[in-house]
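What follows draws every value from the coordinates through simple rules; no lab data is involved. Since the model is a prediction, treat every value here as computed from it, not as a measurement. Quick reminder, even Gly has a Cβ in these numbers, built from the backbone with ideal geometry, and neighbours come from all protein chains shown.
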Amino acid sequence: MRTTRLLLRSGLTLAAAAAFPTWLAGPSAALTGISVSTTGTTVSVVTSACTQNNGSWGNASLLNSGQTAFAQGRQVALAGTTVSQSAAWSGVSPGTYTVVVVCSNGGTAGTQSVIVSGSPAAPTTSSTTKADAPTRGVMGGLGGAARDYGPLTLGIGAALVGSGVIATGWYLRKRSKPYRL
């Protein structure tokens, strides 16, 4: 009976350890290679995914809710260096938008939604004034980082977590054995 419970616990631990790296690495394909921010009526995007080709880094497009194709949006050329490329749109009216970045090689660096709430309110000295809360919440992604870590980094992290799970199972197995004199 005791051996059966121990094998069941060990089997569940190993199943979790085997499934965890694939669960951890699964969202990596969904990560975006762009970071979008708003300040008042200005929307800006930053990426490091594009390489320069024929003097161009690529283009970024700001699509409103009724637009579906890259060409329909307000397009801006990316500017920057090999480390970081950026684009910005000013005078954007309040609403929900989608930012799409297409590199000069034709590949999509990423797509991200953003909510523009309008011009920032003038600062007040009264501490009783409550700021308006966003109506739809935060549209963040996984972590919200501007950098996308590749499969090697995620694989190393998954291996470390997996080895920790295996070491914990080994320790608990050793500890569950009765002491013999």
For this session: Take every Cα pair under 8 Å in segment 57-96 that's 6+ residues apart, average their separations, divide by the length, and report that relative contact order as a whole percent.
Result: 37
Problem set entry | Ordering of 99-109, 166-176, 45-55, 67-77 by burial proxy (mean other Cβ atoms within 10 Å per residue, highest first) | 99-109, 45-55, 67-77, 166-176
Exercise. Measuring from label point to label point, each 7 Å out along Cα→Cβ, what is the residue 173 to residue 117 span in nm?
Worked result: 5.4
